[in-house]
Amino acid sequence: MTRTRIMQAINAEQERTICVKGWVRSARRGKEVSFIALNDGSCFDSLQLVLSPELENYNEISKVGTGACLSVVGKLIESPAAGQKWELQVEEAKILGDADDSYPLQKKRHSFEFLRSIAHLRPRSNSFGAVFRMRSQLSYAVHKFYQERGFMYVQTPIITANDCEGAGEMFRVSTLDADNPPKQNGAVDWNEDFFGERTGLTVSGQLQAELFATAFSDVYTFGPTFRAENSNTSRHAAEFWMIEPEIAFADLADNCQLGEDFLRYMVTYALDNCQEDLNFFNQRIEKGLIDKLEALAKAEFKTITYSEAVELLLKAKQTFEFAVEWGCDLQSEHERYLTEQVFNGPVFVTDYPKNIKAFYMRLNDDNKTVAAMDLLVPRVGEIIGGSQREERLDVLQARMDECGVPQEHLQWYLDIRRWGSCPHAGFGLGFERLLMYVTGMENIRDVIPFPRTPGHAKF
Ligand code: 4AD
Ligand code: MG
């Protein structure tokens, strides 16, 4: 008999005989009858299996441990228990893989910190089942949003010679030296000559996306990016996924509009398609989450300039750990103040000082600021970073010299300003920051299947 997913069983229209397979979430053994909650990850809820002693291998099955894997055939019947429509009257059951009581996910509440230490098993818990289902659904929504708007998906390289952001946070790429295979003692010689130049893992697909935008007009990337950022915060990972749209014939206002439409679409998609998981986050992770998301779906996003933001921060009654003055980078405490105390919602901050932003951002007429935009949201802080790009060859070259970016490495990038240059803009949205916002999860490590942070790359 073909397998029925538990989600389909739970939503069945009528009584029928089915086969389900999954992992035991909990088991309750009684004299007359035993109950097992079986989950296969297809939905948040588990299916209640009802086992009666007439079952041929009742003794064996009713003793099965939490975490064991079962294959079961039975009849879906209406459940007398509250909170569930169906239960499965088991007719045949087979243990595919038993689990003894050393299984770490016993039926009690575990801390997220503990669950991180068993990242290979945490997908079988309620919280992480919900997180990773949402991650999958929202990945689909990213493509849906851009494809419906006629954007072309471009896969930019993971190995690259360019440090797009110029922050010096690249991981270097090398090969095992074939002429000097690993020695007995494990010492390894690394060879960095494979590509004929020093390469690393990409920090952003933007530069290559710009090339495609000047051929296909509207493009986006969605892929992994890497930063050797030695900051142990709850919002930074060494490997994270970024969505980077790049649009030709667009200025900063168009860019903000796209960012706003995109975030609103993602939140609306989650509200419409992930109700069961969102209800869990709303009850157990962040009270009022659904109200907050519904408000954001309707909200008008505010926009202020960096200079206005600095003025607001200087006027603030509270004192900050990092002092504010025009020219400083905004710290997360400043971002939180603006989004949580002043605007109580998302806010775009535009036109940052050129000295704290990357070389490719378009210089404003004041010669001091660039056409940058960051979108800040409550709790998570910066969720989007983007800009209008410098399309004027001479201005860009001067900026590269000023920032110490060697022109000889980026002739290909300059070429699109030499031939058929056009105004264009784009941004990067950190997928994990979006997931943190939408699920209420507090730590970026808890929205990535196998998080990479300083000192952690085990699983
Ligand atoms: O602001 P960032 O550094 O911008 C860029 O990389 C541009 N090249 C994007 C572009 O214009 N195409 O990063 C963009 C976003 C941030 O706003 C944040 O959401 C996320 O990427 N991000 C991180 N997320 C998790 N861990 C990190 N270490 C992150 N660094 C940036
Ligand atoms: Mg940024």
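The values are calculated or read from the model by the stated rules, or taken from the named source; none is laboratory data. This structure is a prediction, so every number in the text was calculated from the model and none was measured. Positions of Cβ are generated from backbone atoms using ideal geometry, with glycine treated the same way; all protein chains shown enter the neighbour counts. With ligands, DNA and RNA removed, areas are computed over all heavy atoms of the protein, side chains included. Shrake-Rupley method; radii C 1.70, N 1.55, O 1.52, S 1.80 Å.
Looking at the stretch 1-119, send over the antiparallel percent of its DSSP beta bridges, to the nearest 5.
Around 85 percent antiparallel, to the nearest 5.
Leaving out ligands, DNA and RNA, and with a 1.4 Å probe, what % of the accessible surface on the chain is carbon or sulfur?
Using a 1.4 Å probe with all protein chains present, the chain comes out at 48 percent carbon and sulfur.
According to a simple spin-label model (label point 7 Å from Cα along Cα-to-Cβ), what is the distance in nm between SER174 and LYS31?
7.1
Can you give me the angle between helix 306-315 and the longest principal axis of the chain, using Cα atoms only, in degrees from 0 to 90, rounded to the nearest 10?
The angle comes out near 80 degrees.
For the stretch 1-136, what does the relative contact order come out to in percent, with C-alpha contacts under 8 Å and a separation of six or more?
Relative contact order, the stretch 1-136: 22 percent.
Under 5 Å between amide H atoms, partner at least 5 residues away or on a different chain: which partners does LYS302 have, H built in plane at 1.01 Å?
Amide H neighbours of LYS302, under 5 Å, 5+ apart: PHE348.
Determine the relative contact order of the chain: mean sequence separation of Cα pairs under 8 Å and six or more apart, normalised by residue count, in whole percent.
Computed value for the chain: 13 percent relative contact order.
Along the stretch 63-77, what does the Karplus equation 6.51 cos²θ - 1.76 cosθ + 1.60 (θ = phi - 60°) give for ³J(HN,Hα), rounded to whole Hz, x for Gly and Pro?
9, 4, x, 4, x, 5, 10, 10, 10, 9, 10, x, 10, 6, 10
For the stretch 275-378, what's the relative contact order in percent, using C-alpha pairs closer than 8 Å and at least 6 residues apart?
25
Output wanted: per-residue J couplings in Hz (rounded whole) for the stretch 119-125, from phi through Karplus 6.51 cos²θ - 1.76 cosθ + 1.60, θ = phi - 60°, x for Gly and Pro.
4, 6, 10, 4, x, 8, 8
Do the alpha carbons of any pairs in LYS108/LYS292; LYS315/LYS368; LYS292/LYS354; LYS21/LYS75; LYS302/LYS354; LYS144/LYS287 sit beyond 25 Å of each other, and which pairs?
Where the Cα-Cα span goes over 25 Å, the pairs concerned are LYS108/LYS292; LYS292/LYS354; LYS144/LYS287.
Return one number: the angle in degrees, 0 to 90 and rounded to the nearest 10, between the long axis of the Cα atoms of helix 393-403 and the longest principal axis of the Cα atoms of the chain.
Between the helix axis and the principal axis of the chain, the angle is about 80 degrees.
What size of dipole, in debye to the nearest 20, comes out for the chain about its Cα centre when the only charges are +1 on Lys and Arg C-beta atoms and -1 on Asp and Glu C-beta atoms?
1640
Determine the percent antiparallel among the DSSP beta bridges restricted to the chain, to the nearest 5.
85
Compute the helix-to-body angle for 206-216: its Cα long axis versus the longest principal axis of the chain, expressed 0 to 90° and rounded to tens.
Computed tilt is about 80 degrees.
Taking the chain on its own, what percent of its Cα-Cα pair distances exceed 28 Å?
The calculated P(r) of the chain puts 60 percent of pairs beyond 28 Å.
Hey, what do the phi angles of the stretch 259-270 turn into as Karplus ³J(HN,Hα) couplings, whole Hz, using 6.51/-1.76/1.60 and θ = phi - 60°, x for Gly and Pro?
Values per residue, Gly and Pro as x: x, 5, 4, 5, 5, 5, 4, 5, 5, 5, 4, 5 Hz.
Kindly report the accessible area of the stretch 237-300 per residue (heavy atoms of protein chains, probe 1.4 Å, no ligands, DNA or RNA), in Å².
Value for the stretch 237-300: 44 Å² per residue.
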